[in-house]
1. Can you tell me which residue among 191, 137, 144 is within 16 Å of residue 116 (Cβ to Cβ), among the small types (Gly, Ala, Ser) and touching a Leu at 6+ places or on another chain (Cβ under 8 Å)?
2. Taking only the stretch 129-184 into account, find how many residues are hydroxyl-bearing (Ser, Thr, Tyr) and farther than 27 Å from residue 216 by Cα.
3. Of everything in the stretch 204-225 that's modelled with pLDDT of 90 or more and outside any strand (DSSP E or B), which residue is surrounded by the most Cβ atoms within 10 Å (Cβ to Cβ)?
4. In the stretch 1-17, which residues are aliphatic (A, V, I, L, M), over 19 Å from residue 36 (Cβ atoms) and outside any helix (DSSP H, G or I)?
5. From the list 39, 53, which one is touching a strand residue (DSSP E or B) at 6+ places or on another chain (Cβ under 8 Å), more than 16 Å from residue 122 (Cβ to Cβ) and either at pLDDT 75 or above or in a loop (DSSP other than H, G, I, E, B) (or both)?
6. If the Cβ limit is 8 Å and pairs must be 6+ apart or interchain, which residue in the stretch 122-142 that is in contact (Cβ under 8 Å) with a residue 60 or more places away in the chain pairs with which residue that is part of a helix (DSSP H, G or I) and of a type in the set (Ser, Thr, Tyr)?
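The values are calculated or read from the model by the stated rules, or taken from the named source; none is laboratory data. The structure displayed is predicted, hence computed values, not measured ones. Every residue, glycine among them, receives a Cβ derived from its backbone with ideal geometry; neighbour counts consider all protein chains shown. Protein only, heavy atoms only, side chains kept; ligands, DNA and RNA dropped before computing areas. Shrake-Rupley method; radii C 1.70, N 1.55, O 1.52, S 1.80 Å.
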Amino acid sequence: MAETREALTDLIGGMRPGDALPPERDLATRLSVSRTTLRKAIADLVGTGRLARRHGVGTFAAGPKLAQALSATSFTEDMRARGFEPGSRTLSARTHPAGAVLGRRLEISPGAEVLRVHRLRLADGEPMAIEELHVPSALVPGLSGDDLANHSFYALLEHRYAVRIVAGTQALEPTVTTPEESELLGVPVHSPSFLFERTSHTENGRVVEFVRSVYRGDRYRIVAEIAPRGAAPPSDTAAGRTP
């Protein structure tokens, strides 16, 4: 199967993201392999993110994986730096009492109002991540879900509210997509993904946000700078993934 996988990899290398693979029967004949062997090789490449399978439609060449640095740069900045047009679609936005758990994360009273915004993050119109943002309403009076459609939250914070996030803490773990997440991201149910949970604060220590994001595992790989124990970390490796 290794030779078949290599032959498929060479074939994909000459395709553009989104191009469909030839029909299975034709491809098996072209590569002189059985359809069983071909299916196993295709499944392996789907698992590594080189191919994307759309149920009922076909199998397609996937775009290159984006290197996701663990740094305090925005999704908007990241996408533009890579030559993609960033975008967002607000799925829902509402205010509600923080409750005990969010209150602890945001360091506010459980009864304080919190704005919760659910967004789908896009690159060239393609779904990349699902984001759930929580921010104390008192910090961003008048902010709405419409404001956050195709706008960076951090840019709005700084320019409209004179609030600048300087650092934060972030947790990352591998997971798989739920049926709802799969539908929004356009991937099969239980596809590999990355779950980010981030809390960010201002220079004076005020907590500004708690964000939970699910990133497509087939389009991202995580990159982190490392240094010998005791060495000062690079200045640009502040933890925190921004919207």
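1. 137
2. Qualifying residue count, the stretch 129-184: 2.
3. 206
4. 15
5. Exactly one residue qualifies, and that residue is 53.
6. 139/161
For (1) at pLDDT below 85; (2) open to solvent by 70 Å² or more (accessible area, probe 1.4 Å), each residue gets a yes or a no:
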residue	(1), (2)
11	yes, no
14	yes, yes
20	no, no
26	no, yes
32	no, yes
59	no, no
63	yes, no
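Conditions (1) in contact with a Pro (Cβ under 7 Å, 6 or more places away or on another chain); (2) among the aliphatic types (A, V, I, L, M); (3) over 21 Å from residue 109 (Cβ atoms), marked per residue:
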residue	(1), (2), (3)
129	no, yes, yes
140	no, yes, no
162	no, yes, yes
171	no, yes, yes
185	yes, yes, yes
189	yes, yes, yes
196	no, no, yes
206	no, no, no
209	no, no, no
